[in-house]
1. Cβ contacts < 6 Å: first residue closer than 21 Å to Gly27 by Cβ and in contact (Cβ under 8 Å) with a residue 12 or more places away in the chain, restricted to segment 1-17; second residue in a helix (DSSP H, G or I) and open to solvent by less than 70 Å² (accessible area, probe 1.4 Å), any location; separation 6+ or different chain. Result?
2. Within segment 45-57, which residues are open to solvent by 90 Å² or more (accessible area, probe 1.4 Å) and either in contact with a Leu (Cβ under 7 Å, 6 or more places away or on another chain) or not in a helix (DSSP H, G or I) (or both)?
3. Those residues that are exposed (fewer than 14 other Cβ atoms within 10 Å of the Cβ), over 11 Å from the mean Cα position of the chain (by Cα) and closer than 20 Å to Leu56 by Cα, I need them from segment 1-44; list them, please.
4. Name the one entry in Ala25, Ala21 that is at pLDDT below 95 and outside any loop (DSSP other than H, G, I, E, B).
Amino acid sequence: MLVLAGADDGCVTPDNYAGAATGLAPGSRVEIVAGGGHFPQLDSTDEVAAPALDWLG
């Protein structure tokens, strides 16, 4: 599982994701998207695309 979170999210701040990967399935990762807000896929499309494309292989 790939979890993407916006670094500038005012609703769910990045500190909420500290240690989150330990509770996910093996091989999962959590990435904090620089410049992303609550909707990083809209705020920071290139920064979301890169880890998503890497994840998909």
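1. Here the result reads Leu4/Pro40; Leu4/Val48; Ala5/Pro14; Ala5/Tyr17, each pair linking segment 1-17 to a residue that is in a helix (DSSP H, G or I) and open to solvent by less than 70 Å² (accessible area, probe 1.4 Å).
2. Across segment 45-57, the qualifying residues are Trp55, Gly57.
3. Residues satisfying the conditions are Leu24, Ala25, Pro26, Gly27, Leu42.
4. Selected residue: Ala21, the only one of Ala25, Ala21 that is at pLDDT below 95 and outside any loop (DSSP other than H, G, I, E, B).
The values are calculated or read from the model by the stated rules, or taken from the named source; none is laboratory data. The model shown is predicted, which means the values in this text are computed figures rather than measured ones. All Cβ positions, glycine included, derive from the backbone under ideal geometry; neighbour counts span all protein chains shown. Accessible surface is based on the protein model in full, side chains and every heavy atom, while ligands, DNA and RNA are left aside. Shrake-Rupley method; radii C 1.70, N 1.55, O 1.52, S 1.80 Å.
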